[in-house]
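Read the structure below first, then the notes.
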Amino acid sequence: MTGGNQPKQTVLTVRMDSNLAEQFKKISKENNRNQSQLVRDWVLSYVKKNGQGDLFK
């Protein structure tokens, strides 16, 4: 049985230049960072800065 406290999640597919994707993968790995978490952090920052930031208070 799973807990009811889990927030809904969705998958975001992003198209980008393959060279850029490879650089991102390499650099994030070198810095021991998870690519998904880096993208989530950026999206959260962008939303807070540009509009719906009150959703996360």
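What the table below lists for this structure:
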quantity	calculated
Close pairs (6 angstrom Cβ cut-off, 6 or more residues apart or separate chains): within 14 Å of Thr13 (Cβ to Cβ) in the range 34-49, part of a helix (DSSP H, G or I) and of a type in the set (Gly, Ala, Ser) anywhere	Gln35/Ser28
Checklist (1) assigned to a loop (DSSP other than H, G, I, E, B); (2) at pLDDT below 95 applied to Arg33, failing item	(2)
Pair list, Cβ < 7 Å and 6+ apart or interchain, from the range 8-31 residues that are at negative phi and surrounded by 10 or more Cβ atoms within 10 Å (Cβ to Cβ) to residues that are part of a helix (DSSP H, G or I) and hydrophobic (A, V, I, L, M, F, W, C)	Ser28/Leu38
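The values are calculated or read from the model by the stated rules, or taken from the named source; none is laboratory data. This structure is a prediction, so every number in the text was calculated from the model and none was measured. Positions of Cβ are backbone-derived with ideal geometry, glycine not excepted, and every protein chain shown enters the neighbour counts.
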